[in-house]
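**Q** Got a structure for you, written out below as structure tokens; questions coming shortly.
The values are calculated or read from the model by the stated rules, or taken from the named source; none is laboratory data. Bear in mind the structure is a predicted one, so any value in this text is a computation, not a measurement. Here the Cβ positions follow ideal geometry from the backbone for every residue, glycine too, while neighbour counts run over all protein chains shown.
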Amino acid sequence: MTDETTPLAEVFRRLIRATGPISLAHFMAESNARYYAAKDPLGSEGDFVTAPEISQMFGELIGLWLADMWIRAGREEPVHYVELGPGRGTLAKDALRTMKRYGLTPQVHFVETSPALKKLQLEAVPQAQFHADQTSVPMEGPLLVIGNEFLDALPVRQLVRAAEGWRERMVGLDGDTFVYVAGAMPMESAVPPDWRGARQGAIIETSPAAAAIVYEIAGRLANQGGCALLIDYGHADLRGGSTFQAVRAHRKVDPLTAPGEADLTAHVDFATLARVAQSRNAQWMGTVGQGEWLRALGIETRSEALTMRAPHLRNELNAARDRLIADDQMGTLFKVMGLAAPDWPRGVGFEEA
């Protein structure tokens, strides 16, 4: 859009003054592209912490789950580990170490565009091959796909019920300040039928980008075999209201204030993504809470084993476990959606879904 030295807020102001309000999806996409290109946002010195950075148990249990699925499906080779937005590579490193114990040594593929994060990922997983998107991942052999806190950073489109009907929610200017405004084009055709009569001010969110990615994953699983875990904060049914938010230095901030300088996210609509996956004949195993899923995989037993090995770390290990599974922390807000090829087994943790 412009050179990377120009503050993105200034770029947006010029664009809006020249051509009018921009969509929220445009604002979010450009902001996150700039944000992730230049920095490592993770950890105590960054803006947020993800589950793999909290405890090695997270990646280990994912590796165990993938190995179990692959073994029960017949141990087909070649097999590909594909991670979308792998952060620092911590999850992959922990998962691959665990998989290797069960005879699973897949080819490793990272879907990543950030130069800053690629460098860290290569240090963690030197054998990784990089891809700008899923389309260049090999077409032969089953895929073991992981997306942890990936979908939430994809741009969302918001529709708002204005006085004159449904409109797209846009970003405009009030002086130099970014503000929400309703677009001019009628959007009734994009609104689910049971929402069309909603009260004025009602908002619904959709993520065409997330739907497109799940559509591709599901189609590849159906054709090649394999399974996928998509883990993120979100909801299992369509809800109204805006979930668009920003985090900077571990605190929530106004998402319109500093584009390109904060992590912009929105809750994932897992109900819609499940329907998208099923439309490609993939097996949707269910969408369950992260805490429930990790308990089913034995996180409490694994935590106790680590404590026995390092009793002086008991408090830290228990705190990490609780952060991942407690209902008032990540356990309920975060969901795990499981997908697989039609002829692959149902994964542990989804039996009752």
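**Q** Do you know which of the residues in segment 184-206 that are touching a residue at least 12 places away in the same chain (Cβ under 8 Å) and of a type in the set (D, E, K, R) is nearest to residue 234 (Cα to Cα)?
**A** From segment 184-206, those touching a residue at least 12 places away in the same chain (Cβ under 8 Å) are 184-188, 190-192, 195-196, 198-206; that's our starting set.
Those still in the list that are of a type in the set (D, E, K, R) too: 188, 196, 199, 205.
Values: 188: 25, 196: 23, 199: 23, 205: 12 Å.
The residue in question is 205.
**Q** Do any helices (runs of 4 or more DSSP H) lying entirely in segment 250-353 carry at least 3 residues that are under 20 Å from the mean Cα position of the chain (by Cα) and surrounded by fewer than 19 Cβ atoms within 10 Å (Cβ to Cβ), and which ones are they? Please lay out each step first, then the result.
**A** On the way: elements: 270-279, 290-296, 299-309, 314-325.
Hits in segment 250-353: 270-279.
**Q** Give the residue that is surrounded by the most Cβ atoms within 10 Å (Cβ to Cβ), with candidates limited to residues of segment 205-240 that are small (Gly, Ala, Ser) and in a strand (DSSP E or B). Explain how you work it out, then say what you get.
**A** Looking only at segment 205-240, we keep the residues that are small (Gly, Ala, Ser), and these are 207, 209-212, 218-219, 222, 225-226, 228, 234, 236, 240.
Cutting the leftovers down to in a strand (DSSP E or B) gives us 226, 228, 234.
Values: 226: 28, 228: 25, 234: 24.
Step by step, filter segment 205-240, then rank; the result is 226.
**Q** Identify all residues within segment 133-166 that are in a strand (DSSP E or B), surrounded by fewer than 22 Cβ atoms within 10 Å (Cβ to Cβ) and charged (D, E, K, R); write none if there are none.
**A** 157 - this is the single residue of segment 133-166 that is in a strand (DSSP E or B), surrounded by fewer than 22 Cβ atoms within 10 Å (Cβ to Cβ) and charged (D, E, K, R).
**Q** I'm checking my understanding of the structure. Among residues of segment 89-130 that are more than 18 Å from residue 141 (Cα to Cα) and hydroxyl-bearing (Ser, Thr, Tyr), which one is farthest from the chain's Cα centre (by Cα)?
**A** Filtering segment 89-130 for residues that are more than 18 Å from residue 141 (Cα to Cα) and hydroxyl-bearing (Ser, Thr, Tyr), the one farthest from the chain's Cα centre (by Cα) comes out as 102.
**Q** When residues of segment 112-132 are filtered for being in a helix (DSSP H, G or I) and buried (at least 17 other Cβ atoms within 10 Å of the Cβ), how many remain? Steps first, answer last, please.
**A** Narrowing segment 112-132 to residues in a helix (DSSP H, G or I): 115-124.
Right, trim to buried (at least 17 other Cβ atoms within 10 Å of the Cβ) and you get 117, 120-121, 124.
The number of residues fulfilling the criteria is 4.
**Q** Let me ask something additional. Of all residues in segment 86-111, which are surrounded by 22 or more Cβ atoms within 10 Å (Cβ to Cβ) and either of a type in the set (Gly, Ala, Ser) or touching a Cys at 6+ places or on another chain (Cβ under 8 Å) (or both)?
**A** Result: 87, 89, 92, 95.
**Q** What do you reckon, is residue 243 over 17 Å from the mean Cα position of the chain (by Cα), modelled with pLDDT of 90 or more and assigned to a loop (DSSP other than H, G, I, E, B)? So that I can check it myself, show each step before the final result.
**A** Details: over 17 Å from the mean Cα position of the chain (by Cα): no; modelled with pLDDT of 90 or more: yes; assigned to a loop (DSSP other than H, G, I, E, B): yes.
It is false that residue 243 is over 17 Å from the mean Cα position of the chain (by Cα), modelled with pLDDT of 90 or more and assigned to a loop (DSSP other than H, G, I, E, B).
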